[in-house]
Amino acid sequence: VDSSKNRLIHFQTIHGIKGETHDATLYLETERSGGSDLNRILCYFGIGKKRDITDIQNYSRKLAYVAMSRPRKLLCIAMQEKTYCKIKDSDLINDFEVIDIRDLRK
């Protein structure tokens, strides 16, 4: 519980929030089966080429949809630097406010 704002904060997996909506979501990029979940879905955002879609890509796409379609007010995506470097010059980045936490360490 965040007593300063009288908010209840839940930590949950994507599977645990399926079918629910809430105010905010923090989506953390993860590595699984030899690759990043966000890297697997970049082609759906026009970054890279769509090739034959694998089962793991399809699974990553479905999970991302579930997670990213739940918040009513705020979606925050935390990604690795190497993933950010792939999208930083794309039109996709213009749709988001980007906060580089490396800058916060200085």
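Tell me, please, whether a residue that is open to solvent by 40 Å² or more (accessible area, probe 1.4 Å), in a helix (DSSP H, G or I) and not acidic (Asp, Glu) can be found in region 90-97. So that I can check it myself, show each step before the final result.
Just the residues of region 90-97 that are open to solvent by 40 Å² or more (accessible area, probe 1.4 Å), to begin with: 91, 94-97.
Still in the running and in a helix (DSSP H, G or I): 91, 94-95.
Checking the rest, the ones that are also not acidic (Asp, Glu) come to 94.
Yes - at least one qualifying residue is present in region 90-97.
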message = Yes or no: region 73-83 includes at least one residue that is open to solvent by less than 70 Å² (accessible area, probe 1.4 Å), touching a Pro at 6+ places or on another chain (Cβ under 8 Å), at pLDDT 85 or above and not polar (S, T, N, Q).
response = no
request  = Looking only at region 4-14, decide whether some residue is open to solvent by 40 Å² or more (accessible area, probe 1.4 Å) and assigned to a helix (DSSP H, G or I).
outcome  = yes
note = Checked pairs for region 55-74, first assigned to a strand (DSSP E or B), second surrounded by 14 or more Cβ atoms within 10 Å (Cβ to Cβ), C-beta under 6 Å and 6 or more apart or across chains, list as Pro71/Thr25
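Quick one: which residue in Ile77, Ile53, Ile47 is hydrophobic (A, V, I, L, M, F, W, C) and more than 23 Å from Arg102 (Cβ to Cβ)? Give the derivation first.
Values: Ile77 fails: more than 23 Å from Arg102 (Cβ to Cβ); Ile47 fails: more than 23 Å from Arg102 (Cβ to Cβ).
Just a single option satisfies the conditions, and that option is Ile53.
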ask   = Out of all the residues in region 81-90, is one or more of a type in the set (A, V, I, L, M), touching a helix residue (DSSP H, G or I) at 6+ places or on another chain (Cβ under 6 Å), within 28 Å of Glu20 (Cα to Cα) and in contact (Cβ under 8 Å) with a residue 12 or more places away in the chain?
value = no
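Across region 7-46, which residue is nearest to the chain's Cα centre (by Cα) among those that are more than 19 Å from Gln57 (Cβ to Cβ) and β-branched (Val, Ile, Thr)? Let's see the steps before the verdict.
Taking region 7-46 first, the residues more than 19 Å from Gln57 (Cβ to Cβ) are 7-13, 16-26.
Those left that are additionally β-branched (Val, Ile, Thr): 9, 13, 17, 21, 25.
Details: Ile9: 18, Thr13: 13, Ile17: 14, Thr21: 16, Thr25: 9 Å.
Among them, the one singled out is Thr25.
Tell me, please, whether a residue that is under 19 Å from Thr13 (Cα atoms), open to solvent by 100 Å² or more (accessible area, probe 1.4 Å), touching a strand residue (DSSP E or B) at 6+ places or on another chain (Cβ under 7 Å) and modelled with pLDDT of 85 or more can be found in region 61-69.
To start, the set of residues in region 61-69 that are under 19 Å from Thr13 (Cα atoms) comprises 61-69.
Keeping just the survivors that are open to solvent by 100 Å² or more (accessible area, probe 1.4 Å) gives 62, 65.
Checking which are touching a strand residue (DSSP E or B) at 6+ places or on another chain (Cβ under 7 Å) leaves us with none.
Checking region 61-69: not a single residue is under 19 Å from Thr13 (Cα atoms), open to solvent by 100 Å² or more (accessible area, probe 1.4 Å), touching a strand residue (DSSP E or B) at 6+ places or on another chain (Cβ under 7 Å) and modelled with pLDDT of 85 or more.
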task = Return only the number of the condition from (1) over 20 Å from Glu20 (Cβ atoms); (2) surrounded by 10 or more Cβ atoms within 10 Å (Cβ to Cβ); (3) in contact (Cβ under 8 Å) with a residue 12 or more places away in the chain that Arg102 does not satisfy.
result = (2)
note = The number of residues in region 16-54 that are assigned to a helix (DSSP H, G or I), closer than 20 Å to Tyr84 by Cα, open to solvent by less than 70 Å² (accessible area, probe 1.4 Å) and not hydrophobic (A, V, I, L, M, F, W, C) is 3
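The values are calculated or read from the model by the stated rules, or taken from the named source; none is laboratory data. Predicted model only: the values in this text are computed from it and were never measured. Neighbour counts run over all protein chains shown; Cβ positions are idealised from the backbone, glycine included. For the accessible areas, the whole protein counts, side chains as well, though only heavy atoms, and no ligand, DNA or RNA atoms are used. Shrake-Rupley method; radii C 1.70, N 1.55, O 1.52, S 1.80 Å.
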